[in-house]
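The next block holds one structure in the form of structure tokens; read it before the comments.
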């Protein structure tokens, strides 16, 4: 649960700081952030 909250905080922080009025770049970066968090989870945090 903490991992999902951290991901949401990063997404919202990047949105507010850098891409407030740009829809497509914001969407692209948000998808990228979620993919990076997902890859990190699968690689390091998932139980074998």
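The values are calculated or read from the model by the stated rules, or taken from the named source; none is laboratory data. None of these values were measured; they are calculated from a predicted model. Cβ atoms come from the backbone with ideal geometry, glycine included; neighbour counts cover every protein chain shown.
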Residue hits (region 19-31; in contact with a helix residue (DSSP H, G or I) (Cβ under 8 Å, 6 or more places away or on another chain) and in a helix (DSSP H, G or I)) are 26, 29, 30
Checked 41, 3 against criteria (touching a residue at least 40 places away in the same chain (Cβ under 8 Å) and either surrounded by 10 or more Cβ atoms within 10 Å (Cβ to Cβ) or touching a strand residue (DSSP E or B) at 6+ places or on another chain (Cβ under 9 Å) (or both)); the one match is 3
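Only one of these is surrounded by 11 or more Cβ atoms within 10 Å (Cβ to Cβ), touching a residue at least 24 places away in the same chain (Cβ under 8 Å) and part of a helix (DSSP H, G or I): 34, 12. Name it.
Working: 12 fails: touching a residue at least 24 places away in the same chain (Cβ under 8 Å).
One residue alone meets the criteria, 34.
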Hey, among the residues in region 15-25 that are at pLDDT 90 or above and surrounded by 12 or more Cβ atoms within 10 Å (Cβ to Cβ), which one's farthest from residue 37 (Cα to Cα)?
-> 22
